[in-house]
Structures are given as structure tokens and as C-alpha cells.
Amino acid sequence: MKYFLFLIILLPTLFSSCYKQVSNGTNSNPTDTIKTNSSVPNIMFYNVMDYGNVYITLNNTNNLGGIAKYYPLSYTEGVVGANNIIVTFNSDTIINQNVNLLAGKYYSCFVYRIGYSWFLSVVPDNLKTPSIGNSQIRIMDFRTQAWFSYIGIKFFSPGNTPLIFNNRNFLDHESFSSYQDFNTVPSGIYTTTLYITSPTASNLKQETDTLVSQKIYTFVLMTPASLTSAKALNSIQIEQSVNN
């Protein structure tokens with residue numbers, strides 16, 4: 001009899017352990033949703049010039065197609081070590097370059113032009129999903145027609161501490177690696193203001209962007225290639241893309 005009672009108690013316990021109901025509550029420590037592969041690197045390509053589409057071939061066999069001005073491609077798997085990047089424009093090869101990529105890392109590759117010469121800027125993307133209620137952002141400066149002009153950038157959302165970058169300059173993310181990192185800010189609607197840091201404090205541009213919870217964004221500053229340097233400073237474009 002005791003053995004029978006023991007089975008009655010044990011069986012419900014076993015079934016309750018195997019079929020435990022999962023809570024539908026919000027997880028305070030969300031699992032990182034970015035897909036990673038420890039064996040290969042991934043790279044995303046951007047065209048930050050307005051001359052027309054550029055075309056990317058990765059490692060000689062992977063033809064990724066055309067990239068319009070600031071419509072970046074999705075992340076593409078590369079190989080550990082040297083990766084060959086060929087860029088064509090108007091059927092001419094404008095870049096044929098090897099870049100070294102590390103296993104399991106993510107990268108952004110920007111195609112830009114100075115004068116008649118084309119270049120690549122490859123930066124690491126240290127991606128980790130922000131906690132609920134937060135986003136991450138960074139600024140890449142590709143103002144090829146106003147490269148000598150320093151500007152300030154202010155991200156502001158009411159009720160939050162503004163994120164301010166003073167004295168930003170063309171390609172400064174290559175000189176200062178901290179500019180390659182993403183900054184965590186509360187999600188919401190932000191006003192982005194560009195202003196001259198010297199000699200006056202006049203605003204150059206303002207626009208509004210929405211940062212979604214747990215998303216990671218790259219903001220790129222660009223200038224129209226058709227304008228002179230003096231006029232391009234007052235025609236800076238701000239483009240935003242999502243890295244996750």
C-alpha cells in the first residue's frame with residue numbers, strides 16, 4: 001500500500017518537472033539575439049558616395065551585386081585571414097585589396113572616394129544586443145567634400161542626457177578607435193543637430209530619428225560630391241542603418 005501511494009506522489013512530480021510552464025513575463029536579462037559563428041567573420045558593405053552604384057566581389061567568387069548610395073548590403077560571410085575585395089564602378093575595377101578579418105567578428109566596409117581615387121575603410125562592429133529600453137549608436141564621418149571642417153554632433157531626446165560629440169572630422173574613426181564603438185542610449189525619438197564648433201556655434205542641420213529598443217545603429221555623415229567644400233558643409237547628409 002505504501003508503495004502504491006509513493007507512485008501516486010512520484011508520477012505527478014515527474015510530469016510537472018518535464019512539462020514546466022514557462023513564464024510569459026519580460027526577461028530582465030534578454031538573450032543576445034545577434035547570430036554569431038565562431039569559425040568565420042562577417043562583413044557588411046556600404047557605398048557612401050553619390051556617383052552611382054558600385055559593385056562588390058568578395059574573395060573572387062562571391063559577387064554581391066550593386067550597392068546604391070547608402071543602401072548597405074546584409075552581412076556576408078568571409079574567411080579567416082586575408083579577404084580579397086574587388087570594387088568596380090562603370091565597369092572599371094577601382095579597388096582590388098586584401099583585408100584581414102578575424103574569426104567570429106563582424107565588420108563594416110565603407111567605399112569612398114577622394115578626388116579621382118577610391119578607398120576602403122574597414123571597421124570592426126562590436127555587436128551585442130542592448131538591454132530592453134536601450135539602443136546603441138555610433139557616428140562614421142565620410143564628408144569627402146568638407147573633410148577639413150570640424151563639426152559637433154548632438155543627439156537629444158527629452159528627459160535623457162544628450163550624447164554630444166565635439167570636433168568630429170573626416171575619417172576620425174580610423175585615428176581614434178573609440179569612435180568605432182557603439183554608445184548605449186535610451187530608446188526613443190531623437191533630434192540630431194550638427195553644428196560648427198569653431199569659430200561660431202551656428203547649426204548646420206537638424207533631423208529627427210527614432211531609435212528602437214534593442215537595435216544597433218550606424219549613422220554616417222556624407223557630403224554631395226557635386227558641391228564645393230564651402231557649400232558642402234551646409235549640405236551634410238545623415239544616413240542611418242541598422243546593424244542587427
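Throughout, read-outs are computed from the coordinates displayed, never taken from laboratory work. Owing to the predicted nature of the structure, the values given are computational and were not obtained by experimental measurement. We place every Cβ from the backbone using ideal geometry, glycine too, and count neighbours over all the protein chains shown.
So which chymotrypsin sites (Phe, Trp or Tyr not before Pro) in region 122-153 pass both tests, a DSSP loop state and at most 12 other Cβ atoms within 10 Å of the Cβ? Walk me through the numbers before you get to the answer.
Values: sites: PHE142, TRP147, PHE148, TYR150; in loops: TRP147, PHE148, TYR150.
Those that pass, being in a loop and sparsely packed, are PHE148.
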Query raised in the report: With labels modelled as points extended 7 Å from the Cα through the Cβ direction, what inter-label distance (nm, one decimal) is found for GLN240 paired with VAL79?
Result: 3.9
Query raised in the report: With each pseudo-label sitting 7 Å past Cα toward Cβ, what's the TRP147-ASN62 distance in nm, one decimal?
Result: 2.9
Query - For ASN183, residues with placed amide H under 5 Å, excluding near neighbours - result: ILE137, ARG138
Report task. With a Förster radius of 25 Å, plug the Cβ-Cβ distance of SER121 and SER39 into 1/(1 + (r/R0)^6) and report the FRET value to the nearest 0.05. Result -> 0.45
Report summary line: Over region 129-244, the quotient of the Cα radius of gyration and 2.2 N^0.38 Å is 1.05
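Classify region 36-125 as rounded, prolate or oblate from the Cα gyration tensor: take a ≥ b ≥ c as the square roots of its eigenvalues, call it rounded if a/c is under 1.5, otherwise prolate when a/b beats b/c and oblate if not. The partial results should precede the final answer.
Details: a/c = 1.89, a/b = 1.73, b/c = 1.09.
Because a/c hits 1.5 or more and a/b exceeds b/c, region 36-125 counts as prolate.
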